[in-house]
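Remarks on the structure that follows.
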Amino acid sequence: MHFFRVYLKVIKLGWERVLLFRMNFLMEQLRSLILMFSLYYLYASLFRTQGNLFGFDSVKISTYIILSSIVANFVFNYQMHALADSIADGKINSLLLKPISIFWYHLARGVGERIIELGTSFVTVALFLIITRAPFFLQHSPTLFVCFVLLLMLATALFAVMESTVGLLAFWLLRAHGPRFLFQTFLEVLSGKFFPLTIFPAFFVQILKFLPFGYVLYFPISVYFGLATPKEIGSTFGITILWISTMSLLYVYILKRGLKVYGAYGS
Amino acid sequence: MRVTLKKYLKVYKIFGSNVLSSLFASSLDFLLLLIGKLVIFYILMFWVNSMFRHVSDLNGYSRDQVIVFFAVSFLMDKLIQVFFYRGFQLLPGWINEGDFDRLLLLPANSLFLSAFRITDWNDILVMIPILFVLVSKLFTVGGFSLLSMPIFLMFVFLGLSVAFCFFTIVSSLAFRFIKIEAIMRIYRDFMYLAKFPPEVFSLGWTVLLTSVVPIFIIVSLPAKAVLGLLTWPWVCTGFGSLAMLFVVAIKAWKWGLHGYSSVGS
């Protein structure tokens, strides 16, 4: 109970932090709206002459744009920048002295931000739908919908543990600019944020199935659309959980090694 | 005038060598950044090729023409990053922490010191494969002639000038607002989209990306110039935008400086 009370406070702090910089927050919402419009027009031009492309029709592709925007807003909450900076500046010392975990602290802070971003995502999507009158594919199967929601939760956990691990590299590399950039680049391109991964040739999609990036966005959305067979849904759950476990072990290992070399220079 | 130019070139050289020596100090970071940038270039090229497995053309543009658009977009993005993007990106932090005071005390223009303080050497290396792809495609795509080259270079310069004015305006907001990262990120998102010809998007969208956020002026004009597809309305819009943005940028920077309260220091 005490655990939840402590991190509930951090969630609240994360929430307040978002609302503190209102202009920046509004700009972030505008950003996702702009991205949705741009992708919508891009795909509309592709689908002008084709009825079905890379396994999607025009209804599914407009739904994909909307869902990827909501999922990205919710899942892609980068705390690694703050973590890397706090290691470089020595601000992490105050966290180390408190009886709280660095991982849960950053995750809770992210949850606070995610809740408010998810709420405003629906407003952004409503605006997008009103302006474009884009069609939306509603999944009627409760099983697939539940699987989608569960996979989203796992995706959030996978994202959090992956990006925290990358942030911890700041124990060795000042601010870890390189790893953070590399991770963000791979994630944004290979997660399916801008396009369904089926746009790539089949052999490349097979490779992507073994990497964690697609499991934070594309594969949960493909379950929503009913594009995956029950066996594939099962393997999506399995691989996501496997990646979470692997990355968690790596996180603990890197944190232990990192704290050994940490000199608290910035403090 | 000549003395002033010489002085600023000297300052720029010092800034550049400082960044270079700090890069050597963190060579692994430098290497990872370089790999990341090369990977994103090749993955997006792969993506375009994959897309053209499903469609024969994109609003009348062939695969090679779209690749030229991609390469020019990457080139402009890298040139912007090499020269002034990093400086503008870090400016809000200097303002918030009061480090901007030190720039104001130096006997040089504060806008120059803010923008050109950081040269991104990493991006110079990334430009090599981009130029290779661009040059190789120019020989296979129709519409390219030797006359296109000076026009292309002129529009590259125009694009860089427009981008500089745009970032000056955006950065001026950092004097009045604590966080402006989202606006910088909007620019990054648009840079992804400007890799496609403007005709792909709706008219309203093209107007927005030409007048409000001048991404199409920065990217599409040089690409159209090198492909021999430039029309007079686009040329007039380019020069008109530059003139307008230049005036607004000077006024915005002065407005921003007046609002600087040095509270962070």
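Read-outs throughout are calculated quantities, based only on the coordinates presented, and are distinct from any laboratory measurement. Just so it is clear, the model here is predicted, and its values are computed rather than measured. Cβ atoms come from the backbone with ideal geometry, glycine included; neighbour counts cover every protein chain shown.
Observations on the structure shown:
- Neighbour counting of Cβ atoms within 10 Å sorts the residues B:Thr140, A:Thr120, fewest neighbours leading, into B:Thr140, A:Thr120.
- Global size of the stretch A:2-261 as Cα Rg and Dmax, reported in angstrom: 19.1, 62
- On the beta carbon distance between B:Ile43 and A:Leu227, with R0 = 22 Å, the FRET formula returns roughly 0.50.
- Over chain B, relative contact order from alpha-carbon pairs under 8 Å, at least 6 apart, %: 27 percent
- Distance between modelled label sites at A:Phe3 and B:Ser145, nm, 7 Å Cα→Cβ extension: 7.4 nm
- Average Cα contact separation per residue, the stretch B:138-265, under 8 Å, 6 or more apart, as relative contact order %: 45 percent
- Taking every C-alpha pair closer than 8 Å and separated by at least 6 residues, the mean separation divided by the residue count of chain A gives a relative contact order of 28 percent.
- Inter-label distance for A:Met153 and B:Val55, nm, one decimal - labels placed 7 Å from Cα along Cα-to-Cβ: 3.9 nm
- Nearest-0.05 FRET efficiency for A:Leu26 and B:Ile14, computed from C-beta distance (R0 45 Å): 0.70
- Each of B:Met76, B:Met244, B:Met184 was scored by other Cβ atoms within 10 Å of its Cβ. Listed from fewest to most, they are B:Met244, B:Met184, B:Met76.
- Exposure proxy shown here: for A:Tyr78, A:Tyr224, the number of other Cβ atoms within 10 Å sets the order, fewest to most, as A:Tyr78, A:Tyr224.
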